Every structure is written in C-alpha cells, then in structure tokens.
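Notes to accompany the following structure.
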Amino acid sequence: MIFKRLALVAALLCSHSVLAATPEEVIRAELDKAYPGLPITEIAPAAIDGMYEVALGTGDMLYASKDGKHFVAGNLFEVSDKGFINLTEAKQNKARAQLMASVPKDAAIVFPAEGQRKARLFVFTDVDCGYCRMLHKEIGALNAKGIEVNYLAFPRTGINSPTYDKMVSVWCSDDPQQALTEAKTGAVPASKNCDNAVANDYRLGQRIGVTGTPTLVMEDGRVIPGYMPADELAKAMGL
C-alpha cells in the first residue's frame, strides 16, 4: 500500500513538472497581464544569468527576470578587453538585417549604383520631409560611390493620410524614380492607385523602430537616424 502511494505521489510530481510553465511562458503571461497587447516577438535567455531578453515588435528590447515580475528597458553592455560591447544593439542589428534582406524587390524605388555595386542602403522616406529632400539631392553622389539606394515609403502622418496618398501615387506611377524626384521638389504627383507596397513599407518601418525620416538602414542592420551628407555616409558604410 505504501509503495502504491509513493508511486502515486511520484506520478503527480512528474505530471506537475511536465505541465509547469517555462520561464518564457511565465514572462509572456506576466507582461501581457500588466500590459495587454504588448507586441512581444521573441523571448530568449539573456547574457546575464537568470535574465531573459524580450524583443518587441517595435524594435525595442526589454530584459525581464525569470518570474516576469521585474524588467529593465535599455541597452545591455558586455565589458571586454576592447571596451564596452553593446549586446542589445548587436541583437537589434542582426534582426534588422534579416528583415531588410527579406524586403521584396517591388517594395522599394531603387536608384542603382553606378558601375559595380559596393553597398546597399535602405532609406525610409517621406515625400513631404525636408531632410528627405536634402538627402535626395545627394543621390547622384551616393550612386557614384557605388551605393545602391532603396527607398521605402514611410509617410509620417500614417496610412490613409494625404502624404500616404501622394506616396501611393508615386509608387504606382509609370516612372517611380522620376515621380519620387519630382515629389521631393514639392510637385504633387498625378493621383494613381494600384497594388502597392506603401502600407507594408510603413509597417516594416514601425517594426524596426522608425519614428522619423529619413531613417537609413545598412545591410548589416545598423541605423542612421536622419540626414547625413554623401561623403560622411559613405565613410560610415565603410567605403
């Protein structure tokens, strides 16, 4: 009888261990309870024992305790012989690089490099943005340096706004390059509609944390927020 009871207890303990929630599940449940709808995309062990990194759909990163009761927001650094290594930024760069590599060809308006392509640059742009217009004046210089510029739409006023409608017209024009160039001089494009990538570009920008334009994203996922002259930009890209 005693052995039967011990066997029953053991079975119950095994059953409990099988059903016990993982730290990832606990953290997700606790954060969702405190902030319903928090766009969590991934939870994984962090470089600090007992902590977990929580990647959000906004491009941000949180670091949570195993029980999900505490978290910190910000960058996590590793101390090395070469100085401080920003582990958060490295993780975000890798995620951005993967996303940018998956951008469909027809999602962007491309200004190709002259001669051999040495680098690709993704630019989230808004036709009504002053600094975007300044950057566009540097397109020739960037292309001459072997940089292919891929414009992605990011109407700052959001989807279904007047700027969004302008950008749809640009993306749907017979000559998107010319239409974009003209729109960046203040011209209003002829109204057009088609199956276009403007809304998807905008959502992609939100996913990687774009909040303003221009936002420049390199192939390795590094981000430059804002305008930068062609010579400085090429140097930042290692050219």
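The values are calculated or read from the model by the stated rules, or taken from the named source; none is laboratory data. As the structure is a computational prediction, the values presented were derived from the model and not from experiment. Cβ coordinates were reconstructed from backbone atoms using ideal geometry, including for glycine residues, and neighbour counts include every protein chain displayed.
Just a few scattered comments:
- In the range 168-183, the residues that are touching a Leu at 6+ places or on another chain (Cβ under 9 Å) and within 16 Å of Arg133 (Cβ to Cβ): Val170
- Residue in the range 141-149 that is part of a loop (DSSP other than H, G, I, E, B), assigned by TED's automatic domain parsing to the domain that holds Glu219, at pLDDT 95 or above and not aliphatic (A, V, I, L, M) present: yes
- Residues in the range 18-70 that are surrounded by 12 or more Cβ atoms within 10 Å (Cβ to Cβ), over 24 Å from Ile208 (Cβ atoms) and not basic (Lys, Arg): 8 in all.
- Residues located in the range 188-225, provided they are assigned to a strand (DSSP E or B) and within 15 Å of Ala108 (Cα to Cα): Thr215, Leu216, Val217, Met218
- The residues on offer are Val103, Val54, and the sole one that is assigned to a loop (DSSP other than H, G, I, E, B), touching a helix residue (DSSP H, G or I) at 6+ places or on another chain (Cβ under 8 Å) and either closer than 30 Å to Asn196 by Cβ or not assigned by TED's automatic domain parsing to the domain that holds Ala197 (or both) is Val103.
- Filter pass, Val72 being in the same structural domain as Val210 (by TED's automatic domain parsing), part of a strand (DSSP E or B) and of a type in the set (A, V, I, L, M, F, W, C): no
- Residue in the range 211-220 that is modelled with pLDDT of 95 or more and over 30 Å from Asp60 (Cα atoms) present: no
- Residues in the range 100-114 that are within 25 Å of Leu56 (Cβ to Cβ), surrounded by fewer than 16 Cβ atoms within 10 Å (Cβ to Cβ) and either in contact with an Asp or Glu (Cβ under 9 Å, 6 or more places away or on another chain) or in contact (Cβ under 8 Å) with a residue 60 or more places away in the chain (or both): Ala101, Pro104.
- Single match in Asn160, Asn193, Asn150 (criterion: farther than 20 Å from Gly57 by Cα and either crowded, with 18+ Cβ neighbours inside 10 Å or touching a Gly at 6+ places or on another chain (Cβ under 7 Å) (or both)): Asn150
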